[in-house]
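Visitor: Handing you a structure now.
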Amino acid sequence: MALAVRHSPGGIDPAALAAAALGITATLWLFYPGWMSVDSAVQYQQALTGRYEDVHPPLLAWLWRQADRLWPGPAGLFVTLTATWWLALASISTRLAPGWRGALAALAIGLMPPVLLVAAHLWKDVALSAALLAATAATLGRRLGGGRAWIGVAVVLLSAAVAFRHNAWPAALPLVAWLAGPRVSTERWGAARAFAALGLAAALALVPGAVHRALDAAPRDAWSAVALWDLGAVSIATGHMLIPPEVRDPDLAVADLEAGYVEWANPPMFASNQIRLGFFAPYSDADQRAVFGAWLAMLREHPRAYLAHRARVTRHLLLGPPAEAPRELVYVADRILPPEATVTPGSMDRPRDRAIVRAAEALRGTPLFAGATWLLLALLAFATAWRARATEPGRAAIALSASSWAYAAPLAIATGSAEFRYLHWSVIAALLATLAAFTARRAASRDNPGP
């Protein structure tokens, strides 16, 4: 999806290609043919059958279906995603820091445990990161002197990104502003640029629905899991059952909710199957009205209990889940295949697999896997780049920092679990923003030397 080229139109940067080749080789050697969780198996099942649902945005399942025709099993998609994000990452890094310095930066970013461990999985989060990285590379291609074709490439890749995850649109907005914005300090935004940026942002918001219709994806009420978890948590806090009777067993009690509730993820509360989720069967209009109405009433009547629940979830996203939380909130060292699969999952007991899991267990409770670490880094990169915002690396740092925050912030109210993979793009964007910020400050210092 992304090409590694020099700042000038002079051809392929060998340092970028070398970094990408090393990164791809290392990732495939460590994780081939990719790790798969239950979510991965569900999407692979849809890829095999060609029948899609919109609980998981269906674009990834469709892409997997195309890859499976050429390379059956998880391997084809895994190689595609791995190659895309490494090529894009190397391209961005060597454009921001030309030559081997940029290549080493790409390897340092891509091989960092919180980046690489998530990228081991066949998850829509990884597809999103790959698409946003490739869109960033295309945007840099345009802004560093490339032709208008780069704009079209960037728009296509941003469209893919917002179709890979329900909550991806905010992450794309700072990149849209950067793509549409002035390229030299003497230019101004003006009405035409602002209109183009707003138009593109609005068009991107429509892309997921268009993709769902094009793939005839069956509608499911994915939002119900978050709303019902909120209602369950506030029911426990207040001692009153707030989950509407339309979607629960008549004998479900608050004590039953409390027995299954944990602060960091919603699946345990639904494990008894006493609450009907829209994931598995579509809600009727009456069901939707009942759940949404109960959720709105809860916000009006019990705002403190709701905010306390959401604060706990956000704390686990920012500081990492507690030690007693399952490792699956960070990684899933498995290859779960659907019954329709005709390939074997492959061993997960190789010496390197065991070594990876030992290292992951040692690291998953550290600040490396705490969202606050990376959001603070993005904030520092933004502040560092602000005085050098007239430079292209400065603009890149500001856009990437803003994208990191824009993607993470809505999780405070929209997530049903404190899974680290939800922050994968925020981590990568923060690291690239840091590289861009320091490049911008170096450039500014050269242009404006002190007395």
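Where a number appears in this text, it was derived from the coordinates with a stated rule and is not lab data. Here the structure is a predicted model, which means the values were calculated and not measured. Neighbour counts run over all protein chains shown; Cβ positions are idealised from the backbone, glycine included.
Visitor: May I ask for the distance between the Cα centers of segment 171-215 and segment 343-384, given as a whole number of Å?
Guide: 32 Å
Visitor: Next question. From the P(r) of segment 224-319, can you give the percent of Cα pairs sitting at distances over 15 Å?
Guide: Everything past 15 Å amounts to 57 percent.
Visitor: Dipole of segment 224-319 (Lys/Arg Cβ +1, Asp/Glu Cβ -1, origin at the Cα centre): which of Pro303, Leu319, Tyr261 lies farthest to the positive side?
Guide: Ranked along the dipole, the leading option is Leu319.
Visitor: Any idea what angle helix 303-319 forms with the longest principal axis of the chain, computed on alpha-carbon atoms, 0 to 90 degrees, nearest 10?
Guide: Tilt of helix 303-319: around 50 degrees.
Visitor: In degrees, nearest 10, range 0 to 90: what is the angle between the Cα axis of helix 124-143 and the longest Cα principal axis of the chain?
Guide: 30 degrees
Visitor: State the Kirkwood hydrodynamic radius of segment 368-434 in Å, one decimal place, computed from all pairs of distinct Cα atoms.
Guide: 11.8 Å is the Kirkwood radius here.
Visitor: Also, quick follow-up: Using the Cα centre of the chain as origin and beta-carbon charges of +1 (Lys, Arg) and -1 (Asp, Glu), tell me which of Gly232, Ala194, Ser347 is placed farthest towards the positive end of the dipole.
Guide: Highest projection toward the positive end goes to Ala194.
Visitor: So what's the gap between the Cα centers of segment 269-342 and segment 11-52, to the nearest angstrom?
Guide: Here the answer is 27 Å between Cα centres.
Visitor: Order 81-94, 47-60, 394-407, 223-236 from most to least packed using the mean count of other Cβ atoms within 10 Å.
Guide: Those peptides, ordered most packed to least, come out 81-94, 394-407, 223-236, 47-60.
Visitor: I've got another one for you. How high is the relative contact order of segment 224-319, in percent, counting Cα pairs under 8 Å that sit 6 or more residues apart?
Guide: Relative contact order comes out at 39 percent.
Visitor: Please work out which option in (i) 0.98; (ii) 1.03; (iii) 1.01 gives Rg/Rh (Cα atoms, Kirkwood Rh) calculated from these coordinates, and answer with its label.
Guide: Matching the structure shown: (i).
Visitor: I've got another one for you. Ignoring everything except DSSP H segments at least 4 long, calculate the 222 nm mean residue ellipticity for the chain; use -39,500 (n - 2.57) per segment, divide by total residues, nearest 500.
Guide: -21000 deg cm²/dmol
Visitor: Rank by packing, highest mean first: peptides 265-277, 295-307, with packing defined as the count of other Cβ atoms within 10 Å averaged across residues.
Guide: Most protected by this proxy first, the peptides run 265-277, 295-307.
Visitor: Now for a separate question. In segment 1-153, if the dipole is taken from +1 on Lys/Arg beta carbons and -1 on Asp/Glu beta carbons about the Cα centre, which of Ala130, Gln66, Gly76 is farthest to the positive end?
Guide: Farthest towards the positive end: Ala130.
Visitor: Angle between the Cα long axis of helix 38-49 and the longest principal axis of the chain, 0 to 90 degrees, nearest 10?
Guide: Computed tilt is about 80 degrees.
Visitor: Further, regarding this structure: Treat segment 136-249 as a sphere of radius equal to its Kirkwood radius over Cα pairs and apply Stokes-Einstein at 37 °C in a medium of 0.692 mPa s; give the translational diffusion coefficient in µm²/s, rounded to a whole number.
Guide: 191 µm²/s
Visitor: What size of dipole, in debye to the nearest 20, comes out for segment 224-319 about its Cα centre when the only charges are +1 on Lys and Arg C-beta atoms and -1 on Asp and Glu C-beta atoms?
Guide: So the magnitude is around 400 debye.
Visitor: Based on Cβ point charges of +1 for Lys and Arg and -1 for Asp and Glu, what charge dipole magnitude is obtained for the chain about its Cα centre, in debye rounded to the nearest 20?
Guide: Once rounded to the nearest 20, the dipole reads 2080 debye.
Visitor: Over the chain, what is the relative contact order in whole percent, taking alpha-carbon pairs under 8 Å and six or more residues apart?
Guide: In percent, rounded to a whole number, it is 19.
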